[in-house]
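The values are calculated or read from the model by the stated rules, or taken from the named source; none is laboratory data. None of these values were measured; they are calculated from a predicted model. A quick note on method: Cβ atoms are made from the backbone with ideal geometry, for glycine too, and the neighbour counts reach across all protein chains shown. Each accessible area value is taken on the protein alone, full model and side chains, heavy atoms only, with ligands, DNA and RNA left out. Shrake-Rupley method; radii C 1.70, N 1.55, O 1.52, S 1.80 Å.
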Amino acid sequence: MKNLDVKILDKIVKTTIATVEKSKTQLFDIYEAAKVEMEKVRQDVVRIKTETADAIFKVDEFEKKERRSRLRLMEVSRNFRKYAEADIKAAYEDTSNVQLELAMAKLQEQNLRRQRDDLELRLKALKNTVEKAESLVSQVGAVLGYLGNQMGSVVTQIETLQASQNFGAKIIRAQEEERRRVAREIHDGPAQAMANIVFRAEVCERLVDVDLDRAKNELKDLREQVRVALRETRTIIFDLRPMTLDDLGLVPTIRRVLETIKERCGIFFEVKVLGEEKRLDIHVEIGLFRIIQEALNNVEKHSKATTVWVRIDFRPSVVSAVVEDDGQGFDPASASGNESFGLMGMRERINLLGGELTIKSEISKGTLVFVTVPLTQ
């Protein structure tokens, strides 16, 4: 009976180890996504503060202009016999227009102040999320090492099982935090944009009867804001899970990533497919895509390259990929032991796929990333 219990416990522990290994990639994704989001929010805070300062200055200018127009209106009203009817009408219309512009400017200032305060709170929360995610990632290796080294006795296996259960709870919390992050991103991105669109639409309604030309200009800006909201929504969807990966497969999705990089920073690309292109098991496609995506992210952020070449080779028992650039390169010897979470994530993913990852680089001679993944028959 004792032997049977040990076998069952061994199976439970091994299953737990495999689950934690698979979950490590999710932890890396959460950390990196939170870090990217934090930097984005930090930039938004800087931008919104500048816009708020401009809006405050604009309100001050309109208030001065409104005071001048009211004084003019008072003067015309007191001495209406001295002025022509056209002058009196012009004074009234000028005051009305300035008051409308002042009201719009104040609404814009209030909206920007709210956005600024919300962004500052969100940035603080993201900093805490990044710190927690980084701490959690650093614990994964220790937990797995503990599980792997404590398989000798029943007592130790029980302790290991308890540790893995606790860690599973942490993973669930991390996943929930990622869901909250996505919800915040939607709320502060497309949702906020749509709220602003509603506000601008109301402004257009007011302007139609007052100043048709300004109403047309506002409608042009409104159309652009709708496009921005749509673009942000598509970006969020693509970052979560590119639909082209499910619908079309690995190669078309990689092409889209490269086209986006070209649009953003002008890096030219060339994609070459060897062998017969085919759909892979979904976990292989996702893992391989994320590895190639991270390699391309490194090219965009760090390489200062002008061209990147991607080669994907489909063979019956293995699929391989090469990402090569003509950038500034780096010294692998000096970089060892100081890997970014991006490179660590690539290595973790390739381990989960049972493949191999090789990175070659020299100063001023670019970088080459080579990955191979075995395919189940």
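Rounded to the nearest whole Hz, the Karplus-based 3J(HN,Hα) values (6.51 cos²θ - 1.76 cosθ + 1.60, θ = phi - 60°) of region 47-63 follow the sequence 5, 5, 5, 5, 5, 5, 4, 5, 5, 4, 4, 5, 4, 4, 5, 5, 5, with x at glycine and proline.
Peptides 105-118, 271-284 ordered by packing proxy, namely the average of other Cβ atoms within 10 Å per residue, highest first: 105-118, 271-284. The simple Förster model, with R0 at 51 Å and r as the Cβ-Cβ distance, assigns Lys89 and Glu263 a FRET efficiency of 0.50.
Listed peptides 245-251, 347-353 appear in the order 347-353, 245-251 once ranked by packing, highest mean of other Cβ atoms within 10 Å at the front.
Determine the share of region 43-113's accessible area contributed by carbon and sulfur atoms, expressed in whole percent, with a 1.4 angstrom probe. Heavy-atom surface of region 43-113 belonging to carbon and sulfur, 1.4 Å probe: 51 percent.
Each Lys and Arg contributes +1 and each Asp and Glu -1, all at the Cβ; summed about the Cα centre of region 65-136, the dipole is approximately 280 debye. For Phe269, the residues 5 or more places off, or on other chains, whose built amide H falls under 5 Å of its own are Val308.
Given the pairs Lys127/Lys304; Lys127/Lys360; Lys301/Lys360; Lys106/Lys216, which are separated by over 26 angstrom at their Cα positions? Those over the limit are Lys127/Lys304; Lys127/Lys360. Based on the Cβ-Cβ distance of Arg311 and Ser138, what FRET efficiency does E = 1/(1 + (r/R0)^6) give at R0 = 41 Å, to the nearest 0.05? The calculated FRET efficiency here is 0.75. Could you calculate the FRET efficiency of Lys64 with Asp211 from 1/(1 + (r/R0)^6), where r is the beta carbon distance between them and R0 is 25 Å, rounded to 0.05? About 0.75, to the nearest 0.05. Here's how it looks for Val318: its modeled amide H is under 5 Å from those of Leu375, which are all 5 or more places away or on a different chain.
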